[in-house]
Amino acid sequence: MLLKDKVAIVTGGTRGIGRAIVFELVQNGAKVLFTYLQSDESAGIILDEIKELRGDAEAMKADVRLYDDAKKVAEETINKFGKIDILVNNAGITKDKALMMMEPAEWLDVINTNLTGYFNMSKACIVAMMKQKSGIIINISSISGIVGMPRQVNYSSAKAGEIGLTKSLAKEVASYGIRVNAVAPGFIETDMTKDLKSKEEIVKMIPAGRFGKPEEVAKVVTFLACERSGYINGQVIKVDGGLAI
Amino acid sequence: MQAIDNKILENELRAIIAEIVEIEPEKVTLNANFVEDLGMDSMMALEILASVEKKYKLRIPEENLTKLTSLGKAVELTNKFINK
């Protein structure tokens, strides 16, 4: 149990990588509050599954684009579990389109959900962590933010911004015993990638010869959330099968 | 919690602040600015907030951190939350 008695928040916990992170943290002994925006049903199913595993979790509908919602998530976590040890910023969306076709609203929505959402949640949790002089923040970025991807200027910009946020905040709060790191997944088998048209072409570019699994990202998150990574701070760990070497 | 006499509260807060900022208590006058006059940084401000919360068993929302600029303001703020 790497995370026994730890309390974690995971945003966007009902699907894809976020869902895998929720299960991974619970199975390592953490109490988890996860947020979701759309499906009450999916959240309920996950809570039932966690109960069967004898895990402790709570789900909360929240829109991380709104700072007030982020604050409520932090408050609810403290009310329910007494503290916040780990924040995993994961909630994200894509609206892929060539720049010449991209509407300003599609740019803003992706920036607000991904980048501003991470800011909102980090700000909402940081004082509680500073007061307890410990804390872990893990930002799920993407290799799209490192190498850039066509038709993703909005998403790549947000994901690169999250890396800047990670490094800047890591330096700012290190003296409070808080570590801030990012994980940059490559192509992972999730809803976000299931409709990609050129899957075979993409696989050819990945040295590992396959897409990654959400669990393979989640295990890195657990590593970054526990003592085993105690001296790692402000880093971006690529989990991409060697794609962005 | 019952209201505390302002003078007593002032002296108690002065002691907390002087200890955290590591200066003589008499330098912590009611109007001395924490940052400009006493050289306080954000970490110290947070420690003061946490110490006040602990001592008086209060919860002061962090939005109030920016209002914590002098001993006088600290007394005002603490009293406001004690009386809540």
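Things worth noting here:
- Backbone HN-Hα couplings from phi across region A:195-201 [Karplus 6.51/-1.76/1.60, Hz, Gly and Pro as x]: 9, 4, 7, 9, 4, 4, 4
- The local environment of A:Met129, defined by Cβ-Cβ distances under 13 Å, has a net charge of +3 under the rule Lys, Arg +1 and Asp, Glu -1.
- Antiparallel DSSP beta bridges within the protein assembly as shown, as percent of all bridges there, nearest 5: 0
- Other-chain or far-sequence residues with amide H under 5 Å of A:Phe187's (modelled H): A:Gly212
- Helix A:117-132 axis, angle to chain A major axis (alpha carbon atoms, nearest 10°): 30
- Within a Gaussian network of chain A (alpha carbon springs, distance under 10 Å), most fluctuating of A:Asn120, A:Asn112, A:Asn79: A:Asn79
- Considering only Cα atoms, the convex hull volume of chain B works out to 77 Å³ per residue.
- Value of [θ]222 nm, deg cm²/dmol, for chain A, DSSP H segments ≥ 4, -39500 (n - 2.57) each, nearest 500: -14000 deg cm²/dmol
- For the residues A:Ser198, A:Ser142, A:Ser157, a GNM of chain A with alpha-carbon springs under 10 Å puts the largest fluctuation on A:Ser198.
- Mean shadow area of region A:164-245, taken as a quarter of the surface of its Cα convex hull (nm²): 6.2
- The Cα atoms of region A:87-211 cover 48, 36, 22 Å along the three principal axes, with the biggest extent listed first.
- Over all pairs of different C-alpha atoms in chain A, the reciprocal of the mean inverse distance, the Kirkwood hydrodynamic radius, equals 17.9 Å.
- Loop-located trypsin sites (Lys or Arg not before Pro) across region A:1-47 with a Cβ neighbour count of 11 or fewer within 10 Å are A:Lys4, with loop assigned by DSSP.
- Chain A: most fluctuating residue of A:Ile206, A:Ile143, A:Ile111 per GNM, C-alpha cutoff 10 Å: A:Ile206
Values quoted throughout were computed directly from the atomic coordinates according to the rules given, and no laboratory measurement underlies them. Predicted model, so just to flag it, every value in this text is computed and none were measured. Here Cβ is always computed from backbone atoms with ideal geometry, including for glycine, and neighbour counts include all displayed protein chains.
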